[in-house]
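*Asks:* Structure in structure tokens, see below.
Read-outs: derived from the displayed coordinates by stated rules, not from any lab. What you are looking at is a predicted structure, and each value in this text was computed from that prediction instead of being measured. With ideal geometry, Cβ positions are generated from the backbone for all residues, glycine too; neighbour counts draw on all protein chains shown.
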């Protein structure tokens with residue numbers, strides 16, 4: 001069995017202490033996700049749609065979405081049934097299903113699965129795609145029932161990644177491809193040992209105080225999602241500021257001029273979770289120690305730089321609106337590396 005690196009004990013920050021003075025948030029088995037529900041789907045439409053192709057900034061969006069999606073498809077070539085572990089709002093499961101794979105996306109968050117399922121019904125009803133709310137410590141599938149698996153920014157949200165990886169090994173056929181994309185914590189500036197983010201977030205008709213504490217050494221994240229009173233004077237003002245029809249709107253707490261204790265005065269309930277962060281080396285060790293083989297590292301594309309080179313060559317305006325073929329060619333032309341940093345692929349034992 002691989003050694004288990006326990007979550008380190010790190011003292012709470014001043015903001016965290018204020019949270020615990022106001023309420024007792026419920027602990028969940030990993031990290032609370034804080035991401036835009038429209039991210040993967042809206043981004044894909046701009047990747048392949050008629051954005052302003054003369055603007056290099058727009059190409060950063062195009063190239064992040066297009067080649068990133070194509071990388072997942074490239075890694076899963078030959079895999080018929082794919083498990084998307086920690087699928088969140090549906091990435092990369094939705095895109096893989098659009099490429100013809102049979103995909104099952106699992107995530108412990110009912111709200112995120114609901115968003116993914118809603119989009120599947122609206123845009124991918126004919127795909128072989130299913131979303132399930134699953135506590136990831138025990139996957140509800142038989143042995144050897146998948147021949148590919150993906151992790152997209154999901155391991156960083158798991159409280160016990162070793163147990164989850166053992167479950168993934170169980171449900172994968174031996175030698176199945178596995179693709180992993182996690183945030184590389186080694187790229188973070190280390191000027192301050194503890195980094196904290198505080199936001200007011202409006203999601204549908206609920207308002208939250210979101211607090212994230214991030215420790216650089218050892219890598220550790222703690223996240224809090226504190227629900228605020230619906231009819232409180234502060235929350236009413238935040239909902240008024242949110243654009244009409246938007247699913248989600250957020251603002252840095254500092255920009256509102258409020259102190260954390262002022263926002264917490266309208267707190268109703270909360271959740272929090274903690275998990276280890278990774279750099280490319282510790283992530284590779286996690287999979288190697290579990291028995292995975294053929295580990296390879298892949299690099300990201302720089303969309304803006306790519307567009308600036310096209311612009312300098314005078315051919316930017318000649319590029320097609322739909323750049324899937326370009327994305328596919330770029331992904332296939334980038335050689336894998338023998339050492340981090342980068343995306344990771346491997347094969348199950």
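*Asks:* In nm, give the distance between the simple-model label positions of residue 194 and residue 281, each being 7 Å from the Cα along the Cα-to-Cβ direction.
*Replies:* Using points 7 Å along Cα→Cβ, the separation is 2.6 nm.
*Asks:* At R0 = 56 Å, how high is the FRET efficiency between residue 137 and residue 309 if r is their beta carbon distance? Nearest 0.05 is fine.
*Replies:* 0.75
*Asks:* Quick one: order 238, 91 by neighbouring beta-carbon count within 10 Å, fewest to most. Working shown, then result.
*Replies:* Working: 238 21, 91 26.
Least to most surrounded, the residues fall as 238, 91.
*Asks:* Turning to a different aspect of this structure: Relative to the present Cα-Cα distance, how much length would full extension add between residue 18 and residue 317 at 0.36 nm per residue of separation? Present the calculation step by step, with values, prior to reporting the outcome.
*Replies:* Details: separation 299, 0.36 × 299 = 107.64 nm, distance 5.37 nm.
Extra length available between residue 18 and residue 317 comes to 102.3 nm.
*Asks:* What is the calculated FRET efficiency for residue 294 to residue 332, with r their C-beta to C-beta distance and R₀ = 25 Å, to the nearest 0.05?
*Replies:* That pair, residue 294 with residue 332, gives E of 0.90.
*Asks:* Still on this structure, I have one more. Order of 274-280, 288-294 by packing, highest average Cβ count within 10 Å first?
*Replies:* So the order, starting with the most tightly packed, is 274-280, 288-294.
*Asks:* Highest mean first, what order results for 116-129, 306-319 on Cβ atoms within 10 Å?
*Replies:* Numbers: 116-129: 15.7, 306-319: 13.6.
Top of the packing list down: 116-129, 306-319.
*Asks:* Can I ask one more? Residue 217 label point, 7 Å along Cα→Cβ, cut-off 15 Å on backbone N: hits in the stretch 279-294?
*Replies:* Only 279 pass the distance filter.
*Asks:* Within a 10 angstrom radius of the beta carbon, how do 22, 80 rank from fewest other beta carbons to most?
*Replies:* Numbers: 22 16, 80 12.
By the 10 Å Cβ count, ascending: 80, 22.
*Asks:* Taking only the alpha-carbon atoms of the stretch 97-218, what semi-axes of the equivalent ellipsoid follow from 5 times the gyration tensor eigenvalues under a square root, in whole Å, largest first?
*Replies:* Its equivalent ellipsoid spans semi-axes of 29, 22, 13 Å.
*Asks:* Also, quick follow-up: Taking the beta-carbon count within 10 Å as an exposure proxy, list 27, 173 from fewest neighbours to most. Write out the running numbers ahead of the final one.
*Replies:* Numbers: 27 11, 173 14.
Placing the least packed residue first, the sequence is 27, 173.
*Asks:* Sort 82-88, 225-231 for me by packing, meaning the mean count of neighbouring Cβ atoms within 10 Å per residue, highest on top.
*Replies:* Listed from highest to lowest mean packing, they are 82-88, 225-231.
*Asks:* Stretch residue 126-residue 244 to full length: gain in nm at 0.36 nm per residue minus the Cα-Cα span? Display every interim value, and only then the final one.
*Replies:* On the way: separation 118, 0.36 × 118 = 42.48 nm, distance 3.13 nm.
This chain segment gains 39.4 nm when fully extended.
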